[in-house]
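Undergrad: The following block contains the structure, expressed as structure tokens.
The values are calculated or read from the model by the stated rules, or taken from the named source; none is laboratory data. All of these numbers come straight from a predicted model, not from anything done at the bench. Reconstructed Cβ throughout: ideal geometry from the backbone, glycine too, with neighbour counts over all protein chains shown.
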Amino acid sequence: MLNINYREAKAEIEQLRRTIDHHNHRYYTLDAPEVSDSEYDELVRRLLKLEADYPDLVTAESPTQRVGATPDNAFVSVRHRTRMLSLSNAFSLEDLENFLKRVSRELSGEKIEFVCELKMDGLAVSLTYEKGRFVRGATRGDGKTGEDITANLKTIRSLPLKLNISDVPPVFEVRGEVFLSKDQFLRINKERAAAEKSLFANPRNAAAGSLRQLDPKVTDRRRLQIYLFALGYIEGRSFKTHGDILEFLRGVGFPVNAKIRKVGSMDEAYRYCLDWQKQRDELPYEIDGIVIKVNDLDQQRRLGATAKAPRWSIAYKFPAEQRTTLVKDIVVSVGRTGALTPTAVLEPVRLSGSLISMATLHNEDEIQRKDIRIGDTVIVQKAGDVIPEVVAPVASKRDGSEKLFIMPKVCPVCGGKVERLKGEAIARCINIACPAQIFAGIVHFGSRGAMDIEGLGPSTVKSLLEAEAIKDISDLYYLKFADIKEKVPHFQDKAAGNLLSAIEASKKRPLSRLIFALGIRHVGARTAEVLADRFLSVKGLAAASYDELADIMEVGPVIAQSVISFFSEDNNQRIISRLRLAGLEMTAKKEQREASKFNGKSFVLTGKLTTLTRHQAEEKIKALGGRVSSTVSRNTDFVIAGEKAGGKLKKAKELKVPVLSEDEFIRLSAQSR
Ligand code: IVH
């Protein structure tokens, strides 16, 4: 315990918070720190110590509270006060010109200023501040309703928890983009590769994955960033121009991109677009275009908006970046279903921020159609999220030494027969014992969307197969510590132990995951859920007839036939028996069995509940497959009204949404178990 009294502690805590917030702002927002890391750490340590001694002085806005526990309201629906619109796109300079012409025509010759901004390639979010305090952050969702991601957003150090402002607007919503820098993206992928986890395709996907984390500690380690660029709603304040709004946002402590420029002519707007198109690689984060906005808010109001996007703004999208490089070789890999996929091995080139050394060529026909030969100089491109692709050869660079690609007649891995069925583009190895298929099948089984066995990445699977410690997926559940240690020498004790616990934990995965993990042809994650809901056990699914399967709306004849063939294989039956014997969960959880009544339904809670706490009620709804939302609309399926329910109950009655009392809900949910 520190030798100071409550009053002194309170004063010092407040002073420390102001100082730490100030340094956070200098470091994360202005990129101009005033103190060394160790001086900063010392301040945080002192604050933590004081807060530990005086826990009732801890507040939500304290800089020590940025990384919390998983909150009760994570991902609950949040209704935006005003809709989050999207932007119209210009895919060429001509589109851009048309936009600028239309705007000046509609404003019939008035003087128009534009604000040019970088188009951040991240995820749109909306932040709500009440009395100057950050109370809620949400994803864009469908523009009307998003998901609550407050806890994850709080981990972004440049996001102010408390605003630097004296006459605070009572409520306001600001909009911006959460993104990940190129450096952090590379670091995260490096760490994931070392842990044999699947890699993120680009910073945007990594940022999306990070915001979707249940545990804010994981989000915190990702080091997300944010820029704000619009107001959603504000009370008690008005502005003349978009530039004034940005100035206001910057002034109260929000990070606003410093590259934003106000321009007075169309020509200057073009220049801004072309300059950044050239220089985008030099930025520490990815952008996918430029956003141009009419500056004057009165002009904006007169131009109005369509249902989707404002008519006073446009996003100029950069053309897909292209480079030329050499095709050193074309190699063929064999996937889980025996599909032979040709891939171009390239002389590495930098493209949209990443080094590209491979590009899929899809199949034989595609190679012929584009006439790509080994030794060709080719144009490669990457547009947005898309995996790099070979666009075309540069025929003028040929010198006659290029070789035509010929699809192998036998499997390059097992030497088995390769078949290409009539009307199909894909050639397949038809040997189900092909090691490449077994390998890919086991990797799929342990992958994130399937049984999610951490540590069972491609190189571990390869070692276990080579050492003959496993032959198929069922063997995973019979592995012993000694097996792994002896047969896979590069495994340390700890890694072996972790792998065994991860395998053990996977026994409890929901039925749909197991069905997906089995790798039945054409059965993806979504179809697996449909099958799990309908048949409720592996046994039930195995016993299903062709007609029963084909009758399901989302299934159809191809999948139905594939399921039947899968279960008619003796080897598959044997593997499933061994999985059952090993103790895997093979039936749907109780809730799933009876919950169809509440599954996928949207609930709103209102009034005071007397038997359940709000948290318990929400958990119950989620366990039954329902969603909890905060506002009543036509899309609400049930309103649960406790004591003294007010406006929401009235709204429910108006919209004829069924209303349940707390007791009725408890009774119905009990029947659902
Ligand atoms: S303005 C009413 N400005 O692009 C218009 N959007 O394609 C609101 N984005 O949903 C958007 N950088 O997530 C605006 N400087 C910028 C932006 C930007 C990135 C995103 C935003 C929006 C999407 C539309």
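Undergrad: Please give the helices (runs of 4 or more DSSP H) falling wholly within the range 120-222 in which 3 or more residues are under 18 Å from the mean Cα position of the chain (by Cα) and within 14 Å of the ligand (Cβ to nearest atom).
TA: Output list reads 203-211.
Undergrad: Residue check, residue 4 against (1) surrounded by 12 or more Cβ atoms within 10 Å (Cβ to Cβ); (2) not in a loop (DSSP other than H, G, I, E, B), all met but one. Which one?
TA: Here residue 4 clears every test but (2).
Undergrad: Here's another thing I want to ask about it. Which ones in the range 636-656 are surrounded by 12 or more Cβ atoms within 10 Å (Cβ to Cβ), assigned to a helix (DSSP H, G or I) and free of Cβ contacts under 8 Å to residues at least 40 places away in the same chain?
TA: 650, 651, 653
Undergrad: Okay, moving on. Of the conditions (1) away from the ligand (no atom under 14 Å from the Cβ); (2) under 30 Å from the mean Cα position of the chain (by Cα); (3) at pLDDT 95 or above, residue 92 clears all except one; give me its number.
TA: Going through the list (1) away from the ligand (no atom under 14 Å from the Cβ); (2) under 30 Å from the mean Cα position of the chain (by Cα); (3) at pLDDT 95 or above, residue 92 breaks only (3).
Undergrad: If you take the residues in the range 24-64 that are in contact (Cβ under 8 Å) with a residue 60 or more places away in the chain and assigned to a helix (DSSP H, G or I), which one is nearest to residue 257 (Cα to Cα)?
TA: 29
Undergrad: Shifting gears a bit: Any chance you could count how many residues in the range 410-445 are within 13 Å of residue 334 (Cα to Cα) and among the basic types (Lys, Arg)?
TA: 2
Undergrad: Answer yes or no: is there a residue in the range 349-365 that is within 13 Å of the ligand (Cβ to nearest atom) and within 20 Å of residue 89 (Cα to Cα).
TA: Within the range 349-365, none of the residues are within 13 Å of the ligand (Cβ to nearest atom) and within 20 Å of residue 89 (Cα to Cα).
Undergrad: Filter the range 133-161 down to the residues that are surrounded by fewer than 20 Cβ atoms within 10 Å (Cβ to Cβ) and either among the hydroxyl-bearing types (Ser, Thr, Tyr) or free of Cβ contacts under 8 Å to residues at least 40 places away in the same chain (or both) and list them by number.
TA: Matches in the range 133-161: 135, 142, 158.
Undergrad: Suppose we keep only residues that are small (Gly, Ala, Ser) and touching a strand residue (DSSP E or B) at 6+ places or on another chain (Cβ under 8 Å) within the range 46-89. Which one would you say is modelled with the highest pLDDT?
TA: Across the range 46-89, the extreme among qualifying residues is 88.
Undergrad: Something else: Looking only at the range 377-426, filter to residues that are among the charged types (D, E, K, R) and modelled with pLDDT under 90; which one of those is nearest to residue 345 (Cα to Cα)?
TA: 389
Undergrad: Would you please list the contacts, defined by Cβ atoms under 6 Å and residues six or more apart or on different chains, that run from a residue in the range 459-482 that is at negative phi and touching a residue at least 40 places away in the same chain (Cβ under 8 Å) to a residue that is assigned to a helix (DSSP H, G or I) and surrounded by fewer than 19 Cβ atoms within 10 Å (Cβ to Cβ)?
TA: As it stands, the answer is 472/575; 474/575; 474/578, since those pairs meet every condition given.
Undergrad: Let me ask something else. Out of the residues in the range 65-113 that are in a loop (DSSP other than H, G, I, E, B) and of a type in the set (Gly, Ala, Ser), which is farthest from residue 265 (Cα to Cα)?
TA: Out of the qualifying residues, it is 69.
Undergrad: If residue 328 passes every condition in (1) part of a strand (DSSP E or B); (2) under 27 Å from the mean Cα position of the chain (by Cα) but one, which one does it miss?
TA: (2)
Undergrad: OK, next. Which condition number does residue 577 fail, the rest of (1) assigned to a loop (DSSP other than H, G, I, E, B); (2) at pLDDT 85 or above; (3) under 30 Å from residue 451 (Cβ atoms) being met?
TA: It fails just one condition, (1).
Undergrad: Further, regarding this structure: Inspect all residues belonging to the range 276-283 and state whether any of them is touching a residue at least 40 places away in the same chain (Cβ under 8 Å) and under 30 Å from residue 168 (Cβ atoms).
TA: No, because not a single residue in the range 276-283 is touching a residue at least 40 places away in the same chain (Cβ under 8 Å) and under 30 Å from residue 168 (Cβ atoms).
Undergrad: Select from the range 580-616 the residues that are among the hydrophobic types (A, V, I, L, M, F, W, C), touching a strand residue (DSSP E or B) at 6+ places or on another chain (Cβ under 9 Å) and at pLDDT 90 or above and list them in ascending order.
TA: 586, 603, 604, 605
Undergrad: Among the residues in the range 283-306, are any among the basic types (Lys, Arg) and either under 30 Å from residue 566 (Cβ atoms) or assigned to a strand (DSSP E or B) (or both)?
TA: Yes; the residues of the range 283-306 include at least one that is among the basic types (Lys, Arg) and either under 30 Å from residue 566 (Cβ atoms) or assigned to a strand (DSSP E or B) (or both).
Undergrad: Specify which of the listed residues (440, 495, 469, 482) is part of a helix (DSSP H, G or I) and at pLDDT 90 or above.
TA: Within the list 440, 495, 469, 482, the selection yields 440.
Undergrad: Would you say residue 237 is part of a loop (DSSP other than H, G, I, E, B) and surrounded by fewer than 18 Cβ atoms within 10 Å (Cβ to Cβ)?
TA: yes
Undergrad: Which residues, counting only those in the range 42-89, are among the acidic types (Asp, Glu) and under 21 Å from the mean Cα position of the chain (by Cα)?
TA: 72
Undergrad: Out of contact with any helix residue (DSSP H, G or I) (no Cβ under 6 Å at 6 or more places or on another chain), within 24 Å of residue 470 (Cβ to Cβ) and exposed (fewer than 13 other Cβ atoms within 10 Å of the Cβ), is that true of residue 506?
TA: no
Undergrad: Restricting attention to the range 376-401, which residues are surrounded by 18 or more Cβ atoms within 10 Å (Cβ to Cβ) and either among the aromatic types (Phe, Trp, Tyr) or over 30 Å from residue 122 (Cβ atoms) (or both)?
TA: Residues satisfying the conditions are 376, 378, 393.
Undergrad: Please go through the range 240-258 and pick out each residue that is in contact with a helix residue (DSSP H, G or I) (Cβ under 8 Å, 6 or more places away or on another chain), over 21 Å from residue 153 (Cβ atoms) and either of a type in the set (Gly, Ala, Ser) or in a loop (DSSP other than H, G, I, E, B) (or both).
TA: Residue satisfying the conditions is 240 alone.
Undergrad: Sticking with this one: Among residues belonging to the range 299-345 that are away from the ligand (no atom under 16 Å from the Cβ), closer than 30 Å to residue 99 by Cβ and touching a Lys or Arg at 6+ places or on another chain (Cβ under 8 Å), point out the one that is modelled with the highest pLDDT.
TA: 323
Undergrad: Cβ contacts < 7 Å: first residue crowded, with 18+ Cβ neighbours inside 10 Å, restricted to the range 243-255; second residue in a helix (DSSP H, G or I) and of a type in the set (Ser, Thr, Tyr), any location; separation 6+ or different chain. Result?
TA: Taking only residues 6 or more apart or on different chains, the pairs are 255/29.
Undergrad: Does residue 554 satisfy the condition of being more than 18 Å from residue 337 (Cα to Cα), outside any helix (DSSP H, G or I) and touching a Pro at 6+ places or on another chain (Cβ under 8 Å)?
TA: No, not satisfied.
Undergrad: List every residue pair whose Cβ atoms sit under 8 Å apart, with the two residues 6 or more apart in sequence or on different chains, where the first one lies in the range 286-305 and is farther than 18 Å from residue 272 by Cβ and free of Cβ contacts under 8 Å to residues at least 24 places away in the same chain and the second, anywhere, is assigned to a strand (DSSP E or B) and within 8 Å of the ligand (Cβ to nearest atom).
TA: Pairs that qualify, where the first residue is farther than 18 Å from residue 272 by Cβ and free of Cβ contacts under 8 Å to residues at least 24 places away in the same chain and the partner is assigned to a strand (DSSP E or B) and within 8 Å of the ligand (Cβ to nearest atom), are 304/310.
Undergrad: Only residues that are on the phi > 0 side of the Ramachandran plot and outside any loop (DSSP other than H, G, I, E, B): list them for the range 394-415, please.
TA: none
Undergrad: Considering the range 95-119 alone, what residues qualify as being within 16 Å of the ligand (Cβ to nearest atom) and more than 30 Å from residue 169 (Cα to Cα)?
TA: Those that are within 16 Å of the ligand (Cβ to nearest atom) and more than 30 Å from residue 169 (Cα to Cα): 95, 96, 99, 103.
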